[in-house]
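Everything on this sheet refers to the single structure shown next.
No value in this document is a laboratory result; all are computed from the given coordinates. Every value quoted in this text rests on a predicted model; they were computed, and no experiment measured them. Note: ideal-geometry Cβ built from the backbone for every residue, glycine included; neighbour counts use all protein chains shown.
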Amino acid sequence: MKRQVATWLLAALAMVPLTASSSEAHGRRGSASCAAAPCYTACAPAVQWVERQVTCYRPQMIAQNVTETVTVMVEKQENYNYTVQVPVVTPTKQMQTIMVPRQREVETTVNVCVPVTTNETHNVVNYTPTTKQVPYTYTVMVPETVQRKVLATTYQCVPEQVQVTVPVCSMVPTTCTDACGNCYTVCRPVTTLQTVNRTVMRSVPVTQEVTVNQVVCKPVQQQGMRTVCEMVATQSQVTVPVTRMTVQAQKVKQLVCEMVATQQEVTVNVCSFQPRQMTGTRCVLVPTQQNVTRTVYTCQMVPYTVTQRVAVPVSTGCCY
């Protein structure tokens, strides 16, 4: 920002002598010393940087108390009148038609099922069981022993000599000297490894052909007698009583209930509504003006001073 201000000041100061020289050139056309080109170069201004106090402005939020009028709804109790419909019951006599049941005897004809029994002759088939001997053929499985040769594997024990190394413990006499210098002999056990021959029985499989007895069942047809029961049909006539239902018309008397309309005077309660004025209390909202103070933040431009370097032109004694 400082550099731009200095550039603008230099440009403005550079334009001032050029404008003055032009105006004077029109008035002094006969002057040969100022019309020359080297005179404009000698009148160019010099610039000097000077520190000055510059006032600037910046925005700042400032709190202020503002009093304003606000409308507030306030509750208020008030009385009011209202009308209710009150039921009133009044006994009233009215004529009503009621149905009264009455019984009377009526003679009617009805159909009755009467059982009638008659003797009838029917043919009856009787089955009588009869036994008799009947020959039949049946099959019997007869066992028979047959010798067959088969291959059988048996295991035989074969002795075998095997060399094994076994530890052998033996007592070896050893001469020792006690604390007094006397010599004595002590037998101490010594274990040594010796190779010995051992006979081991091994099972060796042997396959050979053997003759075995096998039982084979053969079917044999045989004749026999069995008892068979047959049912033999025999017809005969029997007399049995048969009952059938026969419809017959009969006259009977029965009671019939009829509803008869009858007029009678009855007292009924008639309900009617009558208006009644009543007073009640209710809560209403009434608008009320109140002064309320609240804090409002406003944006204001606050001045502050800053030291800046400013370019100032310096006079060099131009010919003008």
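Express in nm, to one decimal, how much length is gained between Leu255 and Leu193 on full extension, taking 0.36 nm for each residue of separation and deducting their alpha carbon distance.
8.9 nm
I need to check one value: relative contact order of segment 111-246, counting alpha carbon pairs closer than 8 Å and at least 6 residues apart, in percent.
Numbers: 253 pairs, mean separation 69.0, N = 136.
Dividing the mean separation by the residue count of segment 111-246 yields 51 percent.
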message: Would any residue of segment 260-289 have its amide N under 18 Å from a label point 7 Å out along Cα→Cβ of Met99? List them or say none.
response: 260-264
field: Positive minus negative residues near Gln254 (Lys, Arg vs Asp, Glu; Cβ under 11 Å)
entry: +1
field: Length released on extending from Asn126 to Met141, taking residue separation times 0.36 nm less the Cα-Cα span
entry: 1.1 nm
- line: Note: Met225 to Cys180 extended length (0.36 nm per residue) minus current alpha-carbon separation gives 4.3 nm
- line: Taking r as the C-beta separation of Thr109 and Gln237 and R0 as 45 Å, the FRET efficiency to the nearest 0.05 is 0.60
query: For labels at Thr307 and Thr281 in the simple 7 Å Cα→Cβ model, what's the distance in nm?
result: 7.8 nm
- request: Within segment 256-295, which residues have the backbone N less than 16 Å from the label spot 7 Å out from Thr90 along Cα→beta-carbon, could you tell me?
  value: 267-276
- request: Give, rounded to the nearest 20 debye, the magnitude of the charge dipole that segment 45-314 has about its Cα centre when Lys and Arg contribute +1 at Cβ and Asp and Glu contribute -1 at Cβ.
  value: 280 debye
